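Notes follow once the structure below has been shown.
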Amino acid sequence: MATLAAQTTDLPGHLLGEALLDRIGNTPLVRLERIAAGLTGVQILGKAEWTNPGGSVKDRAAASIVLEAMRQEKLCPGTRLLDATSGNTGIAYAMLGAAMAFPVTLCMPSNVSPERKRILKAYGAEVVWTDPAESSDGAIRKAREMAKDPQYYYADQYSNEANWRAHYLTTANEILRQTDGRITHFIAGLGTSGTFMGVTRRLKEANPKIECISMQPDSPFHGLEGLKHMATAIVPKIYDPTLADRNVEVETEAAYAMAKRLGRTEGLLVGISAAGAVAAALRIAEEQAAQGKEAVIVTILPDAADKYLSERFWGE
């Protein structure tokens, strides 16, 4: 079984944080029974990525990026890891930096949730706050400017091939194993696009008939934190739009409604992008059921709701 911890075997000496790396991945697949109730022959399954030690799917990409940088001796004593993030990757970097003894500097929009700010402070990361009106693109521009300073190793998660490879090697193979190869549809949101790119490449190798569907916000002005509206955003270099069999756009309001529905009917408190992914999965499930087709639909639930509970929509 491929694991991120296995990537440490060709690194010199004892690696700090190996125990933490062992806990990344092998997340459970949760059946959303009530969401799919009444849809004969259709299952909706969610990959519960909040069970990673840093609380999100981004632990996978961050660990892969860090290990590859260490292997290439780009992240070594005397350098600081620098990257732009909307939150979860930054938290993963900060966690790894604390465990593996390297300093972390992050560029992040100042309007991220208070919970994310507190977590980063607890891990001891340095944060450079950027204009919230520029979203994650503003953080990217700031990181690129700062990367000119040689004290930094600029991880650049939006361009780093180690990002999608983490999901090619681990996430996709876990899904194939957990569904006994029965998966018919895969859905994931687009932020850096690493999850969708890596999982889709591996699933298509295993079975070209699996339909892989990308999900993104329906507007440049949206509340799906961590996701990009590709038509108007800085497009990640690792993103290949030709890999998707189709794309589904989800409204912020639909994601908010699904977040509350999942909490109150499935007992699952998930993040906003996870709720958006489930909303997209439900639309595909309804299409398949209407056509009398059987389907095993898997989506990624990037994180839990604990970083978003200060959002007003929960009480509306």
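The table for this structure:
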read-out	value
Trypsin sites (Lys or Arg not before Pro) restricted to DSSP loop in the range 30-85 with at most 16 other C-beta within 10 Å	ARG34, LYS74
Global form of the range 151-292, assessed from the alpha-carbon gyration tensor, a/c cut-off 1.5	oblate
Efficiency of FRET from Cβ geometry, ARG118 and ALA257, R₀ 35 Å, rounded to 0.05	0.80
Per-peptide average of other Cβ atoms within 10 Å, ordering 237-245, 183-191, 153-161 highest first	183-191, 153-161, 237-245
Given LYS74/LYS209; LYS47/LYS148; LYS47/LYS228; LYS117/LYS142; LYS142/LYS307, the pairs whose alpha carbons are separated by over 29 Å	LYS74/LYS209; LYS47/LYS148
18 Å cut-off, amide nitrogen to a point 7 angstrom out along ASP149 Cα→Cβ, residues in the range 57-78	75-78
Overall form of the range 50-157 per C-alpha gyration tensor (a/c, 1.5; a/b vs b/c)	oblate
Theoretical gain in end-to-end length, ARG312 to ARG177 [0.36 nm per residue, Cα-Cα removed]	44.7 nm
Percentage relative contact order, the chain, counting C-alpha pairs under 8 Å, at least six apart	22 percent
Per-peptide average of other Cβ atoms within 10 Å, ordering 166-177, 126-137 highest first	166-177, 126-137
Burial ordering of THR232, THR105, THR85, fewest other beta-carbon atoms within 10 Å first	THR232, THR105, THR85
Cα centroid separation, the range 119-140 to the range 26-40 (Å)	34 Å
Hz values of 3J(HN,Hα) by residue in the range 148-154 - Karplus curve (6.51, -1.76, 1.60), Gly and Pro given as x	5, 7, x, 5, 9, 9, 7
Under-5 Å amide H pairs with VAL127, H placed in peptide plane, nonlocal only	LEU106
At least 24 Å along the helix axis (C-alpha) and Kyte average at least -0.5, DSSP helices within the chain	272-290
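Every number in this text was worked out from the coordinates using simple rules, so none of it is lab data. Note that this is a predicted model, so its numbers are computed, not measured. Don't worry about glycine lacking a Cβ; one is built from the backbone with ideal geometry, like all the others, and counts go over all protein chains shown.
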